2 protein chains.
Amino acid sequence: MKRIFEIDPWRVVTHQFKEEDKRLQESMTAIGNDYMGLRGNFEEGYSGDSLQGTYLAGVWFPDKTRVGWWKNGYPEYFGKSINAPSFIGLEITINDEKLDLAKVNFSDFELSLDMHQGLLTRSFIYEGKDVKVKFEFERFLHITLKEAALIKVKATVLSGEAHIEYKSTLDGKVVNEDSNYDEYFWLPIEEDQEARTIQVKTKENNFGVPQFTVLLKESLRHEGQAVTTEVASQEAKLAETFAIHLAEGESYEVEKDVIVVTSRDVADEDQKAKASELMAQLQSKTFEENLADHTAAWQKRWDMSDVVIAGDEAAQQGIRFNILQLFMTYYGEDERLNVGPKGFTGEKYGGATYWDTEAYIVPMYLGITKPEVTKALLQYRHDQLEGAYHNAKQQGLAGALFPMVTFTGVECHNEWEITFEEIHRNADIPFAIYQYTNYTGDESYVKDEGMDVLVGTARFWADRVHFSKWRNKYVIHGVTGPNEYENNVNNNWFTNTMARWLIKYTLERLPKATEEAQKRVNVTEEEKAKWQDIVDNMYLGEDKNLGIFLQQDDFLDKDIRPVSSIPEGQRPINQHWSWDKILRSPFIKQADVLQGIYFLNDEYTMEQKEKNFDFYEPLTVHESSLSPCIHSILAAELGKKEKAVELYQRTARLDLDNYNNDTVDGLHITSMSGSWLAIVQGFAGMRYNNDQLSFKPFIPDDWNKYSFKINYRDRLIQVEVDQAGSKLTLIKGENLPVLVSGKEVELKEGETINA
Amino acid sequence: MKRIFEIDPWRVVTHQFKEEDKRLQESMTAIGNDYMGLRGNFEEGYSGDSLQGTYLAGVWFPDKTRVGWWKNGYPEYFGKSINAPSFIGLEITINDEKLDLAKVNFSDFELSLDMHQGLLTRSFIYEGKDVKVKFEFERFLHITLKEAALIKVKATVLSGEAHIEYKSTLDGKVVNEDSNYDEYFWLPIEEDQEARTIQVKTKENNFGVPQFTVLLKESLRHEGQAVTTEVASQEAKLAETFAIHLAEGESYEVEKDVIVVTSRDVADEDQKAKASELMAQLQSKTFEENLADHTAAWQKRWDMSDVVIAGDEAAQQGIRFNILQLFMTYYGEDERLNVGPKGFTGEKYGGATYWDTEAYIVPMYLGITKPEVTKALLQYRHDQLEGAYHNAKQQGLAGALFPMVTFTGVECHNEWEITFEEIHRNADIPFAIYQYTNYTGDESYVKDEGMDVLVGTARFWADRVHFSKWRNKYVIHGVTGPNEYENNVNNNWFTNTMARWLIKYTLERLPKATEEAQKRVNVTEEEKAKWQDIVDNMYLGEDKNLGIFLQQDDFLDKDIRPVSSIPEGQRPINQHWSWDKILRSPFIKQADVLQGIYFLNDEYTMEQKEKNFDFYEPLTVHESSLSPCIHSILAAELGKKEKAVELYQRTARLDLDNYNNDTVDGLHITSMSGSWLAIVQGFAGMRYNNDQLSFKPFIPDDWNKYSFKINYRDRLIQVEVDQAGSKLTLIKGENLPVLVSGKEVELKEGETINA
C-alpha cells in the first residue's frame, strides 16, 4: 500500500513530487474521454523515469507472438492498443534553461485531478538563476467534442525577467514498452507545416489486421499572435516554436488546441479537412467556454451516478475516482468499443476486451447509465459473432466461442491455459443478456439479436461437454475457471454450472424469440433434446459432508489450509511462488465457486451460500482486482458485515492506495465497478430478479450516511442509508413496488419513504 | 512416409537429387565425430532451399525468451547449440560458370554415406557449354583426431577444356533459423591471412552464460602447390582462391584440411598455435592414411556393436544407420557432453540434454560400449548437481531437481507445463545409476558419487509430495507425465511410482554407501523415517475392476476410445488438433503407465502387464519417436509378436523413411537406440536384474536370422537367433551362467551353446 495523493472528496491532489513515484503519479492522473486518453505525462517533457502513453480507442496493432513451443490453434498475434502519437508536447525554455522537473529547481508544486470537471491541473514555481516563474497548466479531453484535447499554460514572472521559448510538438516517433518491443510501428505519411498536421499510419503486418491512420492537428492560441513563429518538421514529427519576453509581474497564457482524427471515422484523404473543421468548431469558443461545456456534460453524468458517503472521506474519494475513471474509459457512445482492463492509463492488457466487461461493468452501468449504454456493450459482442464462430472452429468445435482477449471477436491472446481453456467466459458473456433483460425489463434484445448469441454459445457448449460413462454424467474437462491459479482442471463447478445455465436459459428463451430469430438460429428438435439431456445430466461436483460445491475434481485432495498459514513475506503469492507451487496450492486467486453463487444468487439457499463462503473465502488470496467485491457482496448478504466492509475497502481504494503494488502499470479500470457493486448490491443489498427490485440495506459502523441513485426501468431512484435506517426517494418516474428488507413498499414520484 | 535413399546394408545412398528433398537429404547425410558435426550441405554451395548447419559439441548460446506472460520461476533464457562457423566451403567455377546444383546441368548424381567408414561421398558429371567434368567429393570428420575435418574433391575433365577456379572459405557470418532469429551471434576477433585462420567469439549476453571462442584453420593440399593463390578476408570470413587449367582427360585433386579448436579446450590466445600443431599432425599423413586411421577406429566400434539381420535389408540398414548416427553424436569420450535429441543434424531442441539420455541411450550404451561410456553420462549429471539444486530452489523446493533441458544443470526451457511439471525426469535420470549398477555389477559409483545424486533427488521428492487428508495418502499434484498430451494432472501413476522407487532405492543403498558419502549427504534419522512413510503410503491409482493402473486421477472420466476411432486425415493429432482437444482426449503420446512397467519390469505380474498393455496401447498414438520401442519390448514379452514387429518397424526406419514427416529438421538421435532395444530387450528378451543375465528370444517370421553382441561384465557375448532357435557364444571372458527362456546354461569362452 502506498498513498501518494491527499484525501479530498472531489479531487485527486498532491503537493509532492517524487521522482520515484513519477510513473505511479502518471497512472493516477491519466485522463480520457472514451475516444482517447493519456497518462499524466508532463507537457514540457520530463527526462527522468516515465512511461509515455497516449491511447486512441479502437486503434491497435498485432504483436508478433514468438514462442518456440507453438501449439496448434494458437492465434498468430497478440492484439494490443498501441501507444499513439503524442500531442501534448509543449516544451518550455526560460532564459536558456530547459524546463524539466527532473533537473530544475522548483517549489510550490501542486498536481490535481478535479473529478467533478474531469480537469487536470498542475502548478509550480520555477526557480532559475535570477528569475522565478509560476507555471499553471490545465488540460482536458473534451467529452462533447471527442476529437479535441485542450491545454493551457500560464506563466507569471514572480521575480526577474524571463525570455521564454515555447515549442509545441506533435510526435509520431513513439514506442511501446510492453509489446512490439521498442519497434516503431507508426509510419509517417505527411507533415504539413502550413496546416500544422502530421499524419501517420500503422505499419503493415502479416496478420490481416487493418492498418490505422491517424492525423493530428495542433493550433496555438496566445496573446500577441504576431510573435514570430517557426514551424519545423521531420518524419512523423512537427514542432512550432515562438518566444516571448516577460518582465517581473507579467503573465502570459498559451493555449494548445489539438484535434485527433483516425481512419476509424474518417477516410485518410479527408482527415485533414475534417480536422480543420473540428478545429474551427473548437476555436469558435474560448478555452473557458469549452471547459464550461465539458463540465456541464460531466455534471449530467454525476447527477445520475454519484455516490455520496458521509463520514469517510477516503471512501468518498475512492468511489468517485472509480466512477470518473470508468466513465473516462467508456460511456457507451460507440458500439465498436469496449472497456479495456487498464483503459487509457497504461499499456498492460493491451486495451483489448475481456469478460470483465460483462461480469463487472454491465451490472453497474445498468444502474447508473441509460440502458442504451449496456445495450451497446451487448451489441459489441453480437457484432463480433463471426469471430466467435472462427474461434470455436479453430479449436475443432461447433458453435461460437467468445474470445478471452479481442478487438475483433477473433482471439488474440495465446496462453493455451487461458485462451483454449478459460472458456467459462462463453457463458459469462451471454449472461449479460440475462442481466440486461432482467434489469431493464426490455425483452426485445433477447428475443432477437440476443438469440443469435445464446444459440451460438449453446452449440459450443453442447459440443464441448462429453459424456463420461464412468460417472454416467456430462462432464467438462480441461478448463481454467475464474480462479486462474488452477489450470487444465476437470469439472470446474463454476464452468459446468454456467454452461448448464446457458443451455437452460437458451432453451427457455428460444420459444419466445421472434419468428425471424427462430428461423435464423434454426435449432432442431434433436438438438433441443440433446441440450435438455445435458441440462438434466450435467455433473456438478459437491461434497455432501462439507456441504460445499467442489471447485474442481480432486480439490479436496489438496493440502487444504487457510491463507493465514502462508508465511509472512510470501504474498502476493504470484510475486513469490513459482507457477507449479501456486497451481497445486489450495489458494484461490478470485471468486470461483462463489462467483457462480453470486451470478445465480437466487438458486442457492442461505445455508449453501454460507457453507461455501466459509469454506472458500479463507482460501482466497484476492490477487485479482476483481475478487474482493464479489466476496464483499456475499458477506453482506450473509450478515458478515465486518468482512463485507474489510473487502469493500480493498476494492474502493485499490489504485488510490496502490494496494497490489502494480498501479504503476495503469489503473484497474474493469474492477473499478467493484466498489459501486459492493455498496449497491452489497451494503444496500439491491437485487432485481423476477421483475422485483429489492434492497436489504446496512451501513458500516463508522459511516454516517451513504446515498446513491439508480436508474431502473425509466425511474430515477435515490437510496439513502444512515445509522437510523434507510430512505428511498422516487425522483422521477411511475410508481414502483419495491421490497426493502423483505417488506414491500410503494415508491411514488417525488416522495421519500423511510424503510 | 517418404523414402529418398536406396536400401543397402552398409550405405545410405541415392542416385537422385530433387530440390524439394534437399533439406531432408541434408539431415540424412549429416556426419559427426562427437566433437563436431554438420548437415549434408554441399561444399561448393547451393543457392536453392537448404538449411546450413555446423555444430560444435558444448558450444551454445542463450536465446532470449520473450513471453508476455512470464511466470515466476521461469528461466530467463532458452539455451541452444548454435550454428557454428561453416568450414566446408569450397566454391568451384568452371569456365566462368559457378558450380551450383540448383542451376547447372549435371548427370550421374550419387550421394552416399558409407556407414562402415563414416565417410560421405558425392559425385556427378557437370555438363557445361562445351565441357563435361566429373566431380567426386569425399568428406569425413576424423574420430581419432577430433578437431580435424577432411574434404577431398577430384575433378576429371571428360570432354572439352576446363578453367577451374577454387575458392576455399571459412565463414563465421552464420545465422540460426530456430532461435536467436536471424541475429548474428558470432563476433569477429581476427582473420589471419598468413595462417589461414579466423577466430570468432559468441557475443555478450545478460544471462551469465559463458562466451565461447572458436578458431578455424584451413589448409589446402593439391598438386602443383606453385599455382598462384590469393587470400582475402573480411570480418569473420576468409577465402583462399586459386585456379587451374585442365585439358580433356586430365584430373585434379584438391584436399581441404580443417582444424577447429574452441575455448572449451584451448585458451583464446593459444588457439592459433594449437591449430597449427594439430594441422601439422593431420598433414603428417595423406588423406588416405588419415581415412585408414579413421576407418580402423570405426571398425573397432562396429566389432562390438553391429547388429546383423539376415533376410530383411531394410531392417538391416535401419539399425546400422541408427547405431552410426548415435556414435557420431556421442561416444562417451568427453564427460562434459551429452546426447542432444537431434545430435549434430539440425537446430531443433537446441542440442541440449534431455532425460532421453538416461531412459533410452543408457541401456543401449551399457550393452555395446565400454562401461566408461555410460559412467561418463552418469558423471555428467553428478557434475551438474549444483544446477539441479538451483532449479529446486527456484521452485521453492528442497533438494535437487534435474532440468528438462540443459547445458549446465540449470533449467533453460520455459513452458511451465514441462519445466515445472514434467518432473518424473528427477527419478528417471537417477534410474540410470540403478541400470548401470545392475548391468555392470560395479557398485563403486552408487556407493559414492551416485549417493549425492540419489539423496539430492530424494530430498526433492520428499518435499514435492504432500499428504492428502482426504485420501490418507501421499499424493503428487500438478505434473506432466511422459505422455505430454496431458498437462498439470494429479497423481500420474508413473510419476508417483518412480518417485516412490527413487526414495526406496535411496533408502536401500544409503547404508551401503562409503563412509565419506554418508557423511557428505548427512541424512538424518528423522528424514529416513519420513522417507519410509512416503514409500509405505504413496498413493498409486488403480482400477481393480479393469485391473489397470490409472495414468492419472480422472483418467476414466474421459471419453475412452481407441486410436482407430480417430477420423482419417486427423493424424498425427498434434498437427491437426488444438491443444485443449489433445489434452482432454484419451490419446497417449508415448508410453506412460507402460513406461513404468518397462522400467520396473520385475515388480509386475504378467497379468498386470497384459491388462495394462491391452488397455493403454490402443489409446497410444506414438507421436513421440520414443514411444514405439517401449511398446515393442512389452509386446514381445507378452508374446504379442506381430505387435512387437509392427512397432519395431516404426522405430527402426523412423528417419530413413521419414515416418513422422519431420526428419527435415534433423534426425531423431535419442530415439535411435529404440531399434536396438527392441531387438535386444524385445525380440531377444534380454534382462539383467539381480545379477542374472537372461534371454527369451523369438525371431520375426520373415527374418532368416539376427545376431548381435553385448558387452556384459568383462565378457563379449554373441547372440544369434534364427528360425531354428538361438545360439550364444562367449567370445571373450570368464564363464557365465545365463538363463535362456527360463533354462540356465553356462557360457564358456570360445564356445557356442544352442539354447
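For this structure, a couple of remarks:
- Of all residues making up region A:11-45, the number that are in contact with a helix residue (DSSP H, G or I) (Cβ under 7 Å, 6 or more places away or on another chain) and over 15 Å from A:ASP657 (Cβ atoms): 9
- Pairs, first on the phi < 0 side of the Ramachandran plot in region A:333-357, second among the acidic types (Asp, Glu) and in a loop (DSSP other than H, G, I, E, B), C-beta under 8 Å, six or more apart: A:GLU333/A:ASP34; A:ASP334/A:ASP34; A:LEU337/A:ASP34; A:GLU347/A:GLU177; A:GLU347/A:ASP178; A:LYS348/A:ASP178
- Residues that are touching a Lys or Arg at 6+ places or on another chain (Cβ under 6 Å), surrounded by fewer than 18 Cβ atoms within 10 Å (Cβ to Cβ) and hydroxyl-bearing (Ser, Thr, Tyr), drawn from region B:506-559: B:THR514
- Failed item, numbered, when A:ALA275 is tested on (1) part of a helix (DSSP H, G or I); (2) over 30 Å from A:LYS203 (Cα atoms): (2)
- Checked against (1) closer than 22 Å to A:ALA678 by Cα; (2) out of contact with any Gly (no Cβ under 8 Å at 6 or more places or on another chain), A:ILE423 passes all but a single condition, namely (1).
- In a residue-by-residue description of region B:417-426, the property of being of a type outside the set (A, V, I, L, M, F, W, C) and farther than 20 Å from B:TRP501 by Cβ applies to at least one position.
- Residues of region B:412-429 satisfying the condition of being over 19 Å from the mean Cα position of the chain (by Cα) and either outside any helix (DSSP H, G or I) or more than 14 Å from every other protein chain (Cβ to nearest Cβ) (or both): B:ASN414, B:GLU415, B:PHE420, B:GLU421, B:GLU422, B:ILE423, B:HIS424, B:ALA427
- Reported count of residues in region A:480-530, each being farther than 19 Å from A:ALA462 by Cα and either of a type in the set (Ser, Thr, Tyr) or modelled with pLDDT under 95 (or both), is 2.
- One residue stands out among those in region A:560-572 that are of a type in the set (A, V, I, L, M, F, W, C) and more than 9 Å from chain B (Cβ to nearest Cβ): the one that is farthest from A:VAL489 (Cα to Cα), which is A:ILE566.
- In region A:297-320, the residues that are on the phi > 0 side of the Ramachandran plot and surrounded by fewer than 23 Cβ atoms within 10 Å (Cβ to Cβ) form Cβ pairs under 6 Å with partners that are at pLDDT 95 or above and of a type outside the set (Asp, Glu), at six or more places apart or across chains, as follows: A:GLY311/A:TRP703; A:GLY311/A:ASN704.
- Only residues that are under 17 Å from A:GLU637 (Cα atoms) and hydroxyl-bearing (Ser, Thr, Tyr) were counted in region A:606-625, giving 1.
One line per residue, one yes/no per condition, for (1) surrounded by fewer than 17 Cβ atoms within 10 Å (Cβ to Cβ); (2) within 24 Å of A:LEU502 (Cβ to Cβ):
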site	(1), (2)
A:ARG561	yes, no
A:ILE582	no, no
A:LEU594	no, yes
A:ASN601	yes, yes
A:MET606	yes, no
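- Pairs meeting the criteria (first residue in region B:665-678 and more than 22 Å from B:ARG39 (Cβ to Cβ), second residue at pLDDT 95 or above and not in a helix (DSSP H, G or I), beta carbons under 7 Å, at least 6 apart or on different chains) are B:TRP676/B:VAL307.
- A:SER219, sole failed condition from (1) exposed (fewer than 14 other Cβ atoms within 10 Å of the Cβ); (2) touching a helix residue (DSSP H, G or I) at 6+ places or on another chain (Cβ under 8 Å); (3) not aliphatic (A, V, I, L, M): (1)
- Top-ranked residue in region A:430-473 [being in contact with a Phe, Trp or Tyr (Cβ under 6 Å, 6 or more places away or on another chain) and in a loop (DSSP other than H, G, I, E, B); ranked as nearest to A:LEU385 (Cα to Cα)]: A:VAL465
- Residues being in a loop (DSSP other than H, G, I, E, B) and without any contact (Cβ under 8 Å) to a residue 60 or more places away in the chain - total across region A:534-553: 5
- Residues located in region B:249-261, provided they are out of contact with any helix residue (DSSP H, G or I) (no Cβ under 8 Å at 6 or more places or on another chain), more than 11 Å from B:ALA149 (Cβ to Cβ) and assigned to a strand (DSSP E or B): B:SER251, B:TYR252, B:GLU253, B:VAL254
Yes or no, residue by residue, for (1) among the acidic types (Asp, Glu); (2) in contact with a Phe, Trp or Tyr (Cβ under 8 Å, 6 or more places away or on another chain):
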| position | (1), (2) |
| --- | --- |
| B:VAL13 | no, yes |
| B:GLU20 | yes, no |
| B:THR29 | no, no |
| B:TYR35 | no, no |
| B:TYR55 | no, yes |
| B:PHE109 | no, yes |
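- Tallying residues that are within 11 Å of chain B (Cβ to nearest Cβ) and in contact with a helix residue (DSSP H, G or I) (Cβ under 7 Å, 6 or more places away or on another chain) within region A:387-400 yields 4.
- Filtered residues of region A:485-533 (kept if out of contact with any helix residue (DSSP H, G or I) (no Cβ under 7 Å at 6 or more places or on another chain), assigned to a loop (DSSP other than H, G, I, E, B), at negative phi and not β-branched (Val, Ile, Thr)): A:ASN492
- Restricting region A:530-559 to residues that are over 19 Å from A:GLU610 (Cα atoms) and among the basic types (Lys, Arg), the residue that is nearest to the other protein chains (Cβ to nearest Cβ) is A:LYS558.
- Among the residues making up region B:358-374, those that are in contact with a Gly (Cβ under 9 Å, 6 or more places away or on another chain) and crowded, with 22+ Cβ neighbours inside 10 Å are B:TYR360, B:MET364, B:TYR365, B:THR374.
- Remark: A:VAL621 falls outside the filter, which requires a residue to be farther than 16 Å from A:GLY367 by Cβ, touching a Pro at 6+ places or on another chain (Cβ under 7 Å) and surrounded by 22 or more Cβ atoms within 10 Å (Cβ to Cβ).
- Hits in region B:136-153 - residues which are in a strand (DSSP E or B) and touching a residue at least 60 places away in the same chain (Cβ under 8 Å): B:PHE137, B:GLU138, B:ARG139, B:PHE140, B:LEU141, B:ALA148, B:ALA149, B:LEU150, B:ILE151, B:LYS152, B:VAL153
- Restricting region B:465-481 to residues that are touching a strand residue (DSSP E or B) at 6+ places or on another chain (Cβ under 9 Å) and more than 8 Å from every other protein chain (Cβ to nearest Cβ) leaves a set whose member that is surrounded by the most Cβ atoms within 10 Å (Cβ to Cβ) is B:GLY481.
- Members of region A:574-595 found to be closer than 16 Å to A:SER624 by Cβ, assigned to a helix (DSSP H, G or I), of a type outside the set (Val, Ile, Thr) and at pLDDT 95 or above, listed by number: A:LEU583, A:LEU594, A:GLN595
- Tabulated pairs, region A:190-213, first under 12 Å from A:GLN271 (Cα atoms), second outside any strand (DSSP E or B) and of a type in the set (Asp, Glu), C-beta under 8 angstrom, 6+ apart or interchain: A:GLN199/A:ASP268; A:THR213/A:ASP268
The values are calculated or read from the model by the stated rules, or taken from the named source; none is laboratory data. Model, not experiment: these values are computed from the prediction. FYI the Cβ positions are ideal-geometry reconstructions off the backbone, even for glycines, and counts take in every protein chain you see.
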